[in-house]
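A quick write-up on the structure given underneath.
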2 protein chains.
Amino acid sequence: MHVMVIGAAGMIGRKLVERLAEEPVSLGREIARLTLVDVVEPPAPPVFSTISTPLSVDLSDEGSAERLVSSRPDVIFHLAAIVSGEAEADFDKGYRVNLDGTRALFEAIRREGQRERYVPRVLFASSIAVFGQPFPEKIDDAFFTTPLTSYGTQKAICELLLADYTRRGFFDGIGIRLPTICIRPGKPNKAASGFFSNILREPLSGQEAVLPVEENVRHWFASPRSAVGFFIHAARMDTSIIGPRRNLTMPGLSALVGEEIEALGRIAGQKAVSLIRREPDPVIREIVSGWATDFDARRARELGFTAESNFDEIIRIHIEDELGGRI
Amino acid sequence: MHVMVIGAAGMIGRKLVERLAEEPVSLGREIARLTLVDVVEPPAPPVFSTISTPLSVDLSDEGSAERLVSSRPDVIFHLAAIVSGEAEADFDKGYRVNLDGTRALFEAIRREGQRERYVPRVLFASSIAVFGQPFPEKIDDAFFTTPLTSYGTQKAICELLLADYTRRGFFDGIGIRLPTICIRPGKPNKAASGFFSNILREPLSGQEAVLPVEENVRHWFASPRSAVGFFIHAARMDTSIIGPRRNLTMPGLSALVGEEIEALGRIAGQKAVSLIRREPDPVIREIVSGWATDFDARRARELGFTAESNFDEIIRIHIEDELGGRI
């Protein structure tokens, strides 16, 4: 089986490739070829050194999608995107990368299939940013997509394209609406959502972290391990049971910032909790207040997608996967 | 005020221009200039002969949108599209005309505004084809768009673009999701939905018509007069009260084919009814069974959009507008 990961240098892309390296038959068949694509050349795990091809390619460049697809991968994970803040700041770039790049990929697959039958599995990273305020208390699977960012608009448009290309038989696609990933590994960043991870990750390593909102802020989470699991499940599942509604809100955990902190205390003690410094930031508070807080992700759960059910699990996964099992 | 109608040779386009001719201040200000655009040169009513410019332009041709927008119309009615059947039969043409053409228009407006402030009102003809089975009994304003045709997909994507371009201040847009227009004037055509109009229009003129489905088929209707009214209301309304959810399911009448026939009997007698020939067509029955039957169009009604509440009204409007008031 030939697997292609577009956006392989990103956080989820790297973790997905690591998981494939750890469990080489996790997609159901042996991986004979692995193509890793990103705008910077992505890393490949040693176990894949003989079968992997890292490529530095911008999907939105003329002809890039056709070149990638001409190698006829069986499974394509499409994780590449510019993030919400950048798509809002640079309108042209956001539409070029997030919409036109994705559409070019879909079109290249369709045209490849016109030459000779070709119907790959396509897994597309979408986002709960396709939804916009006001929300019901829990957002169900039939709630409409009225994004309030250009990023969310671009994701919602690609979801529609994915469903139509799938319905017409050009590929076999699933759109994966990811929760906010927590605990995000790495350094604190400037993303408005960064603090959800910072207030756990930093204290777990003995570092201070800033909490810019109140403890009663609710949000929607899944671990990086769950995110990778969503894509692997989507890549190997029986898609005939999905029907034409191919974009799925993934399961997640709806939790308060206060519950994050309580779980931190249970697992790492009050000393860790005391490393959280409260610095209310009205700008971040305002941004976060526009985000969805809870979903009834029934369809995805019924289709076998799973995520964490409490923050203790999310923290333990971080300790296992990022801290070698010890704090 | 400079008004542009794109798709001015189509049924709604022609009726819209006729209405503007009858009520020259229906948009709130006097029309000083009228640009009528379609792939074939559209007709202009005599009253507008000195101020109207008919143009034969395909919006999806390179540079067309820029040329149209460079005249900086204050109000743009965008009604141009290829129909559902054609968009399904010709994938490339459907996306080129219905998606790329519309996006080119929106982009041209944005770029014109980068040269010098320009925020026109844009009224976009969308469709209930943005929805796909299975449906709740009544589709409310928060139901998701999961189209089951490429046409519906293209309309849903353009709705998302319209909302984002409006949110960013590039224009002031409203997407108008039209019910099935009934009674459609003209000759019977091959559209699967044609019989809804045929079984009234033809008997009203003493002609036979074929009914290919059972009388218990329910569907969602508005008259051509209401459709024009939606666009005129949208062009002159205060948009500040709409908020960012700019795509509106228009009000309509949910009715059975049997109710159409009863209304025909009341208005034109049993002789007219006897001109309906029942010829069940399983193919048409199957297509129609995938269509939405009822909506709770609360938001549009609250925003002042109105439609008919029974089929007697719909038939009387046809008699007044198409048959000179007599049958």
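The values are calculated or read from the model by the stated rules, or taken from the named source; none is laboratory data. No experiment lies behind these values; they were computed from the predicted model shown. Note that we place each Cβ from the backbone using ideal geometry, even for glycine, and neighbour counts take in every protein chain shown.
Among the numbered conditions (1) away from chain A (no Cβ under 14 Å); (2) acidic (Asp, Glu); (3) touching an Asp or Glu at 6+ places or on another chain (Cβ under 6 Å), the only one that B:ASP140 does not meet is (1).
Please indicate, with yes or no, whether at least one residue in the range A:69-84 is over 24 Å from A:LEU16 (Cα atoms) and either over 21 Å from the mean Cα position of the chain (by Cα) or modelled with pLDDT under 95 (or both).
Pass one, the range A:69-84, residues over 24 Å from A:LEU16 (Cα atoms): none.
Checked against the condition, which is being over 24 Å from A:LEU16 (Cα atoms) and either over 21 Å from the mean Cα position of the chain (by Cα) or modelled with pLDDT under 95 (or both), the range A:69-84 yields no hits at all.
Would you point out which residue out of B:LEU162, B:LEU105 is buried (at least 19 other Cβ atoms within 10 Å of the Cβ), touching a strand residue (DSSP E or B) at 6+ places or on another chain (Cβ under 7 Å), more than 14 Å from chain A (Cβ to nearest Cβ) and part of a helix (DSSP H, G or I)? Walk me through how you get there before you give the answer.
Details: B:LEU162 fails: more than 14 Å from chain A (Cβ to nearest Cβ).
From the options B:LEU162, B:LEU105, the qualifying one is B:LEU105.
Out of B:VAL213, B:VAL228, report the one residue that is in contact with a Lys or Arg (Cβ under 8 Å, 6 or more places away or on another chain), part of a loop (DSSP other than H, G, I, E, B) and touching a residue at least 60 places away in the same chain (Cβ under 8 Å).
Working: B:VAL228 fails: part of a loop (DSSP other than H, G, I, E, B).
Within the list B:VAL213, B:VAL228, the selection yields B:VAL213.
Can you pull out the residues in the range A:69-102 that are part of a loop (DSSP other than H, G, I, E, B) and within 14 Å of chain B (Cβ to nearest Cβ)? Write out each step before concluding.
Taking the range A:69-102 first, the residues part of a loop (DSSP other than H, G, I, E, B) are A:70-74, A:79-83, A:90.
The one that is part of a loop (DSSP other than H, G, I, E, B) and within 14 Å of chain B (Cβ to nearest Cβ): A:ASP90.
Using the structure shown, decide if A:PRO188 is at pLDDT 95 or above and not in a strand (DSSP E or B). Taking the combined requirement at face value, the residue does not satisfy it.
Which residue out of B:ARG236, B:ARG245, B:ARG177 is farther than 27 Å from B:PHE91 by Cα, in contact (Cβ under 8 Å) with a residue 12 or more places away in the chain and within 14 Å of another protein chain (Cβ to nearest Cβ)? Walk me through how you get there before you give the answer.
Details: B:ARG236 fails: within 14 Å of another protein chain (Cβ to nearest Cβ); B:ARG177 fails: farther than 27 Å from B:PHE91 by Cα.
Criteria check complete, one pass: B:ARG245.
Listed by first and then second residue, the pairs linking a residue in the range A:100-118 that is in contact (Cβ under 8 Å) with a residue 40 or more places away in the chain to a residue that is in a helix (DSSP H, G or I) and polar (S, T, N, Q), with Cβ atoms under 9 Å apart and 6 or more places separating them unless they lie on different chains, are A:GLY101/A:SER64; A:THR102/A:GLN154; A:ALA104/A:SER64; A:LEU105/A:SER64; A:ALA108/A:SER64.
For the range A:117-137, residues that are among the charged types (D, E, K, R) and either in contact with a Leu (Cβ under 7 Å, 6 or more places away or on another chain) or away from chain B (no Cβ under 14 Å) (or both) total 2.
Comparison of A:GLU66, A:GLU112, A:GLU62 shows that the only residue that is more than 10 Å from chain B (Cβ to nearest Cβ), of a type in the set (D, E, K, R) and loosely packed, with under 15 Cβ neighbours inside 10 Å is A:GLU62.
Taken over the range A:129-156, the residue count meeting the criterion of being touching a residue at least 40 places away in the same chain (Cβ under 8 Å) and within 25 Å of A:MET4 (Cβ to Cβ) is 5. Scanning the range A:180-210 for residues that are among the charged types (D, E, K, R) and crowded, with 17+ Cβ neighbours inside 10 Å gives A:ARG184, A:ARG201, A:GLU202.
Return yes or no: is B:ARG299 part of a helix (DSSP H, G or I), within 14 Å of chain A (Cβ to nearest Cβ) and either more than 19 Å from B:MET11 (Cα to Cα) or in contact with a strand residue (DSSP E or B) (Cβ under 8 Å, 6 or more places away or on another chain) (or both)? Yes, satisfied.
What do you reckon, is A:VAL40 crowded, with 20+ Cβ neighbours inside 10 Å, over 17 Å from the mean Cα position of the chain (by Cα) and in contact (Cβ under 8 Å) with a residue 12 or more places away in the chain? It would help to see each step written out before you state the result.
Values: crowded, with 20+ Cβ neighbours inside 10 Å: no; over 17 Å from the mean Cα position of the chain (by Cα): yes; in contact (Cβ under 8 Å) with a residue 12 or more places away in the chain: yes.
No; evaluated as a whole, the condition is false for this residue.
Is it the case that some residue within the range B:45-58 is in contact with a helix residue (DSSP H, G or I) (Cβ under 7 Å, 6 or more places away or on another chain), modelled with pLDDT under 95 and either buried (at least 21 other Cβ atoms within 10 Å of the Cβ) or part of a helix (DSSP H, G or I) (or both)? Spell out the reasoning first.
Step one: of the range B:45-58, the residues in contact with a helix residue (DSSP H, G or I) (Cβ under 7 Å, 6 or more places away or on another chain) are B:45, B:47-48, B:57-58.
Those still in the list that are modelled with pLDDT under 95 too: B:45, B:47-48.
Checking which are either buried (at least 21 other Cβ atoms within 10 Å of the Cβ) or part of a helix (DSSP H, G or I) (or both) leaves us with B:47-48.
Checked against the condition, which is being in contact with a helix residue (DSSP H, G or I) (Cβ under 7 Å, 6 or more places away or on another chain), modelled with pLDDT under 95 and either buried (at least 21 other Cβ atoms within 10 Å of the Cβ) or part of a helix (DSSP H, G or I) (or both), the range B:45-58 yields at least one hit.
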